[in-house]
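We did not get these values from a lab; they are worked out from the coordinates using the rules stated. Computed from a prediction, not measured in an experiment: that's the story for all the values here. Glycine gets a Cβ as well: all are built from the backbone with ideal geometry, and neighbour counts include every protein chain shown.
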Amino acid sequence: MLTDPIFYAAALPAVVILGLAKGGFSGIGILAVPLMALVAPPVQAASILLPILIVQDVVSVWAFRRTWDGPTLAVMLPGAALGIAGGWALAAYVSSAAVELAVGVTSVAFALLRLAKERGGAVVPAAPGSTAAGAFWGVVTGFTSQIAHAGGPPFQIHVMPKRLPRDVFIGTGALFFGVVNWLKVPAYLALDQFTAANLATSAVLAPAAVLSTWAGVVLVRRVPGERFYTFVYAVLVLVGAKLAWDGAAGLA
């Protein structure tokens with residue numbers, strides 16, 4: 001188990017951020033891995049967080065177990081599995097920085113476009129996405145999640161324009177990423193990252209993970225549906241900008 005106090009000074013806030021994201025404040029969780037990467041190698045940080053994410057998934061899936069969109073999951077999950085497999089197979093050949101840059105630029109453009117269309121509080125549902133589009137964004141989500149831990153923005157790009165009710169949107173994401181995180185386990189096993197020290201560190205952080213996830217569930221249910229979508233679009237702009245910055249810096 002890691003015992004460095006400086007590590008936990010970064011890890012605890014990272015776990016709380018993940019918990020709030022899993023509880024419903026979609027998008028902010030993308031900040032967790034970079035925060036932990038300040039005090040641990042990125043692969044180790046991600047391997048410590050993956051068991052924590054799985055524990056948090058249990059809380060969020062249970063909280064929103066009655067509100068999820070079956071057609072979205074049926075279309076996107078098979079694609080996500082293909083994307084994860086492709087990300088694992090191509091990890092040695094694909095630059096995570098290039099993936100971050102592409103996802104970041106796309107996310108910012110998408111979110112700004114939607115905010116412009118919905119300025120003044122007007123709700124502008126997009127045309128329903130096709131099955132092919134859902135499968136495509138499922139592949140992108142799985143691939144970016146495996147390569148750069150950036151699966152949230154592609155998922156949101158496909159699902160948010162559907163304007164699902166707030167709890168249905170959150171529940172669909174909870175189930176989707178609950179499955180995706182389990183699908184990523186074999187790749188981390190193959191990388192031999194589930195060491196006794198890493199798993200013990202995950203266990204120490206697990207109580208904070210559960211409490212923060214439940215806090216997110218309670219807090220997000222106090223946010224009106226329309227304000228929730230505006231909030232998520234705004235966060236997507238910030239997250240996309242950060243991904244683009246990190247990707248550009250990595251390529252430079």
Simple Cβ-charge dipole of the chain, Lys/Arg +1 and Asp/Glu -1, about Cα centre, in debye nearest 20: 760
Tail fraction, Cα-Cα pairs, the range 61-164, threshold 19 Å, whole percent: 49
Within a Gaussian network of the chain (alpha carbon springs, distance under 10 Å), most fluctuating of SER47, SER130, SER26: SER130
Dipole-positive endmost among ALA203, PRO154, ALA85 within the chain (Cβ charges, Cα centre): PRO154
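Where does each of 173-182, 210-219, 62-71 land if you order them by average Cβ count within 10 Å, highest first?
Numbers: 173-182: 21.5, 210-219: 19.3, 62-71: 15.6.
Top to bottom by mean Cβ count within 10 Å: 173-182, 210-219, 62-71.
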Max mean-square fluctuation residue, GNM over the chain, Cα-Cα springs under 10 Å, options TYR188, TYR233, TYR93: TYR93
Label of the coordinate-derived value, semi-axes √(5λ) of the Cα gyration tensor in Å, listed as (i) 29, 19, 17; (ii) 27, 21, 18; (iii) 28, 23, 21: (ii)
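Which helices, counted as full DSSP H runs in the chain, have an axial Cα extent of no less than 20 Å and a Kyte-Doolittle average of -1.0 or above? Please list the in-between numbers first.
Numbers: long enough: 5-23 (27 Å, 1.65); 42-63 (30 Å, 1.60); 70-89 (29 Å, 1.21); 96-117 (31 Å, 1.41); 131-148 (25 Å, 0.96); 166-183 (26 Å, 1.14); 196-220 (35 Å, 1.65); 225-251 (38 Å, 0.94).
Membrane-span-like by this rule: 5-23, 42-63, 70-89, 96-117, 131-148, 166-183, 196-220, 225-251.
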GNM flexibility winner over the chain from VAL168, VAL103, VAL223 (Cα, springs under 10 Å): VAL223
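Normalised by the number of residues in the chain, what is the relative contact order in percent for Cα pairs under 8 Å and 6+ residues apart? List each step's numbers first, then the result.
Numbers: 393 pairs, mean separation 100.8, N = 252.
It comes to 40 percent, rounded to a whole number.
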